[in-house]
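One structure is given here, and the rest of the page talks about it.
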Amino acid sequence: MYSIDSVLCNDKLLQYIDIPGKNDESPLLVFLHGFPDNAYGWEFQLNEFKGNYHVLAPFMHGTLNGEDIPNDRITLEKIRKDLATLLIKMNPDNQREVYIVGHDLGCFLGTAFSVNSRFNVKGLININGVGLDQYVGRKFSFTQWRRSYYVILAQFNVVRSLVSKVMPKAFLNIIYTLCGIEKNNPIRNNDRKVLSSIYIYRYLFKKAATMVFGKETKIAVPTLFIWGKDDRFLNFPTKKEVDKFCTNATIRILPGGHWVLRTDFVHVNRIIKKTLGQWQAQAVTV
Amino acid sequence: MSLYNEAKLQRDLEIQKLKGWDLDKDINWSQGIDITKPLLPLDTNAILFPNASEEQRLVISQMMGLIVASTISELEEMANRLKGPTWEKVLNKFPVNPEMYELGEHFYEDEVKHSIAFKRYIEMFAKEVNVEPAQLESILPSSKGSSLKHIYKYNSMAGGMAVWWLIAAVEEESVLFYEYIRNSKQTVDPLYNQVHKLHFEEEIRHKSYANLMLQLNNDFARAPFGKILQKLDFILAEVLNISWTFNQLFKVKKLRQLAEHHEFFRILAGLEDMLKGQNSLSVLNTLFTTAPYISNTLNLSEHKNLKEMMKRYGALSVPGFSAPTQGLPCIR
């Protein structure tokens with residue numbers, strides 16, 4: 001099992017898996033899980049990258065202990081500040097390189113964080129997820145609207161209650177089955193705790209609405225998109241789309257669904273390893 | 001080769017780059033062409049010209065060799081001209097991995113090189129038979145002025161991959177034709193043999209690229225119309241190929257205009273009279289079913305690898321043609 005630590009972020013404790021690297025200079029590798037999931041969802045990556053990196057995997061509020069979270073505590077701005085607090089603790093003089101790996105909603109946070117280069121972020125990996133800007137950029141895509149039905153449903157209190165309180169297990173099974181996760185996969189042991197932050201969809205929807213006619217922001221940080229091509233919720237990014245939102249991006253599409261980080265972790269880990277190596281080599285050259 | 005195995009794709013690219021040949025340094029152009037030697041081995045039963053003399057058979061072989069060289073050159077050049085709509089756009093839409101881009105860029109560099117190599121051979125042959133290259137090219141297959149390029153482009157814009165079926169077919173034919181030449185390398189023109197040999201080596205190394213592109217489309221294209229095109233693309237390539245091949249073969253009617261330039265053309269023009277004596281339907285049937293090289297070109301669906309790919313991707317073909325002769329009977 002993993003060592004779980006916590007850091008006080010204003011009024012709340014942010015819990016995270018903490019696996020220190022070989023030494024104090026080891027680069028920080030931060031894994032941001034999605035929904036409905038928790039930091040344990042990164043188990044195949046945590047095992048692969050411990051040692052060479054100082055691995056951190058925060059739990060979205062409520063997903064570890066199931067505590068009640070006030071709705072206004074999980075806005076994108078507040079959880080971004082939580083992550084900043086964690087990184088200040090881990091990297092107080094900002095000397096260590098930071099690499100962020102996000103999945104699903106974790107990519108919203110990871111991308112938002114990477115736009116602000118104050119934290120020495122040297123690379124961003126988005127697995128079956130995009131930044132909010134890029135997601136809003138799909139406003140004219142009929143197929144993306146069709147696949148995003150769940151975002152619309154999550155706007156309604158009755159649906160959120162049904163999902164997170166009345167029938168969480170059934171809902172999770174449906175989601176994991178739709179994502180091609182096999183029946184004996186440990187992720188299926190997740191319970192209602194991973195649904196704690198469902199209210200975030202309300203914030204994201206409202207935030208997205210304000211961005212529809214806004215200016216697109218380009219990320220300068222080198223970005224890699226790893227995508228299970230049979231994702232039922234998100235279209236894979238095209239080169240044209242990625243060029244609008246990223247200065248330096250690579251796309252790699254694999255067989256698999258939304259949770260390709262679990263269903264094909266060998267391949268995903270190989271790609272992450274190779275990419276991190278290239279980014280680190282470039283950082284040394286520069 | 002797996003489309004998604006970036007490590008394998010990268011290794012293949014490295015091998016292709018390492019073993020690739022140089023157009024100027026690795027072909028002995030200075031040896032020139034031995035005009036007394038055939039270019040392609042012919043069948044001993046001389047299916048289309050049963051009473052041809054030795055002299056006539058030599059010229060037929062050389063003409064067939066030039067037709068094959070020109071076909072490969074033209075189609076590979078056309079593939080390169082269609083690079084934007086049929087490759088770049090597809091990969092931008094389905095950006096599977098950077099290695100497919102890099103392999104593709106190298107693939108097109110190779111195709112351009114091959115086209116130039118065969119074209120250079122044809123130009124050298126033109127000098128040997130006392131005509132300008134443009135005069136010789138006027139009786140050889142060409143894609144210039146044909147609507148092939150536009151049709152393949154529009155097919156690609158609609159989501160089709162017909163050009164990749166054509167590319168796969170040309171590659172498989174090139175390999176097949178060299179297998180024939182290789183068996184007769186002591187007798188054919190050494191320069192012709194060398195150009196085909198080097199071409200064959202690179203085709204073998206990169207021929208899976210067409211299959212990868214077809215797989216990419218198969219795995220990613222979701223729209224119903226795209227799925228329909230997937231079934232029909234091969235038919236389109238087949239039909240275009242047949243009509244283009246016949247169109248090009250008719251160019252030999254211009255041979256008489258060149259008869260006074262060299263014995264080569266005079267003998268060829270005389271062969272037209274031999275054909276006139278034969279039943280047209282019989283000639284047509286022979287072209288489709290047993291004439292060496294031509295029947296291979298006209299029956300794309302009988303190529304082994306293409307057959308497998310058609311089955312894999314559910315592609316339909318034009319029904320009704322008989323299988324061509326497997327190999328050349330009694331090559332001389």
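To the nearest 20 debye, what is the magnitude of the charge dipole of chain A about its Cα centre, counting +1 on the Cβ of each Lys and Arg and -1 on the Cβ of each Asp and Glu? Mind dumping the intermediate values first?
Working: 37 positive and 25 negative charges, 173 e Å.
So the dipole magnitude of chain A works out to roughly 820 debye.
What residues qualify as long-range amide H neighbours of A:Leu32, i.e. H under 5 Å apart, gap of 5 or more or another chain, H built at 1.01 Å from N?
A:Val101, A:Gly102, A:His103
Kindly state, to the nearest 0.05, the FRET efficiency for B:Met157 paired with A:Gln95, given R0 = 60 Å and r defined as their beta-carbon distance.
On the way: r = 52 Å, r/R0 = 0.87.
E between B:Met157 and A:Gln95, to the nearest 0.05, is 0.70.
Quick check for me: using +1 on Lys/Arg Cβ and -1 on Asp/Glu Cβ, what's the dipole size of the protein assembly as shown about its Cα centre, in debye to the nearest 20?
2280 debye
Return the subset of B:Lys17/B:Lys185; A:Lys122/A:Lys218; B:Lys149/B:Lys311; B:Lys119/B:Lys144 for which the Cα-Cα distance in this structure is over 18 Å, preserving the input order. Intermediate results must be reported in sequence, preceding the final value.
Values: B:Lys17/B:Lys185 27 Å; A:Lys122/A:Lys218 15 Å; B:Lys149/B:Lys311 26 Å; B:Lys119/B:Lys144 14 Å.
Check vs 18 Å cut-off fails for B:Lys17/B:Lys185; B:Lys149/B:Lys311.
Which Cα, out of B:Ala126, B:Ala223, B:Tyr209, lies furthest along the positive dipole direction of the protein assembly as shown (beta carbon charges, K/R +1, D/E -1)?
Result: B:Ala223, furthest along the dipole toward the positive end.
With the Cα gyration tensor of region A:74-225 in hand, give its eigenvalues times 5 under a square root as the equivalent ellipsoid semi-axes, listed largest first in whole angstrom.
Equivalent-ellipsoid dimensions as semi-axes: 28, 20, 16 Å.
Given a cut-off of under 8 Å on Cα pairs at least six residues apart, what relative contact order in percent is computed for chain A? Don't skip to the end; give the middle numbers.
Details: 500 pairs, mean separation 54.7, N = 286.
With pairs under 8 Å counted, the relative contact order is 19 percent.
Lysine pairs, Cα distance under 25 Å, 8 or more residues apart or cross-chain: how many in region A:155-217?
10
Are there trypsin sites (Lys or Arg not before Pro) in region A:12-52 that DSSP puts in a loop and that have at most 12 other Cβ atoms within 10 Å, and which ones?
A:Lys22
When all C-alpha to C-alpha distances in the protein assembly as shown are sorted into bins of 20 Å, what percent of pairs does each bin hold, rounded to whole numbers?
Whole-percent P(r) values from 0 Å outward: 18, 40, 24, 16, 3, 0.
Amide H to amide H under 5 Å from A:Gly129: which residues, 5+ apart in sequence or cross-chain, H placed 1.01 Å off N in plane?
Placed amide hydrogens put A:Asp104 under 5 Å from A:Gly129.
Excluding the sites themselves, what is the longest stretch of chain A that contains no chymotrypsin sites (Phe, Trp or Tyr not before Pro) in a DSSP loop with at most 14 other C-beta atoms within 10 Å?
With a cap of 14 other Cβ atoms within 10 Å, the longest stretch comes to A:1-139.
Scanning chain A for GluC sites (Glu not before Pro) in DSSP loops with at most 12 other Cβ atoms within 10 Å, what's the longest stretch left with none?
A:68-181
Which of the listed residues, B:Gln10, B:Asn97, B:His262, is farthest toward the dipole's positive end in chain B, when Lys, Arg count +1 and Asp, Glu count -1 at the beta-carbon?
After comparing all options, I get B:Asn97.
Bear in mind these aren't lab numbers, they're just calculated from the coordinates by the rules spelled out. This is a predicted model, so every value here is computed, not measured. Because the Cβ atoms are built from the backbone with ideal geometry, glycine has one as well, and the counts that use them run over all protein chains shown.
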